[in-house]
Amino acid sequence: MSATRLREGLPEAESASAELERRYRERMAAIARRRLTGFERAGHVFGMIVGLGTAAWLVVAFLQHRADGRPAALVGIAVGLAFALGWSAFSFALLRGGTEDQRVHAEIRAQLIGLFTMALAGLMLWAGLAEPDPARGNQLILFGLVFWTTMGLPYYVARLVRQNELRVRSDVLRLELALAEAGEQREVRP
């Protein structure tokens, strides 16, 4: 079959039937959703415990020092608390469900890590600019930039690669099923 005939036949083949949609959804679920292994469960339990412990530590630090009245420190405590509680809730939800959807859960994880690292890097920049000692200020700014490029950026790039891989697999699967349905329809016709 030539590429032109294949391209011309695709719009007809893509008119999805209920059976095609059901098969597509089942195979996509098999590709994207997987059960957590024992090691992954242990990792999520550990992450949840660390997140709750960090949240408790941040609350105690705030109550004891009140961040010494510095706005950047108050915002930093709030960002850390939000991240720690968000990570704990995310880990709990994964443990409760027992499965991980590589589309949804990867996006949540990437947003948690990405937003946290961007907020923390922004706080370091803010604190660096507000620092009266230029050497210390430059050190804080540099640390914020290094933190973002070593922690946040690689995670975003990895997420983009995973999401694009899933998108390509989904498109290929949709084409395979549409072509299979078109072949089945042709066989039924006299």
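The values are calculated or read from the model by the stated rules, or taken from the named source; none is laboratory data. Not measured: the values here are computed from a predicted model. Cβ coordinates were reconstructed from backbone atoms using ideal geometry, including for glycine residues, and neighbour counts include every protein chain displayed. In case anyone asks, the SASA skips ligands and DNA or RNA and just uses the protein heavy atoms, side chains included. Shrake-Rupley method; radii C 1.70, N 1.55, O 1.52, S 1.80 Å.
So the values come out like this:
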| item | result |
| --- | --- |
| Shape category assigned to region 25-90 from the gyration tensor of Cα positions, a/c cut at 1.5 | prolate |
| Segment Arg23-Phe143, length gained on full extension (0.36 nm per residue, minus Cα span) | 38.2 nm |
| Probe 1.4 Å - accessible area at Arg159, Å² to nearest ten | 40 Å² |
| Label zone at Leu74 (point 7 Å along Cα-to-Cβ), backbone N below 20 Å, region 122-149 | 122-132 |
| Amide H within-cut-off set for Arg33, under 5 Å, with H built and near neighbours excluded | Gln102 |
| Efficiency of FRET between Phe62 and Leu153 - r from beta-carbon atoms, R0 41 angstrom, step 0.05 | 0.90 |
| Karplus-derived HN-Hα couplings along region 37-54 (A = 6.51, B = -1.76, C = 1.60, θ = phi - 60°), whole Hz, x at Gly and Pro | 7, x, 5, 5, 4, 4, x, 6, 5, 4, x, 5, 5, 5, x, 5, x, 5 |
| Cα gyration tensor, region 58-147 - rounded (a/c under 1.5), prolate or oblate | oblate |
| Cα lying deepest toward the dipole's positive end in region 49-156, options Pro154, Ser88, Pro132, charges on Cβ | Ser88 |
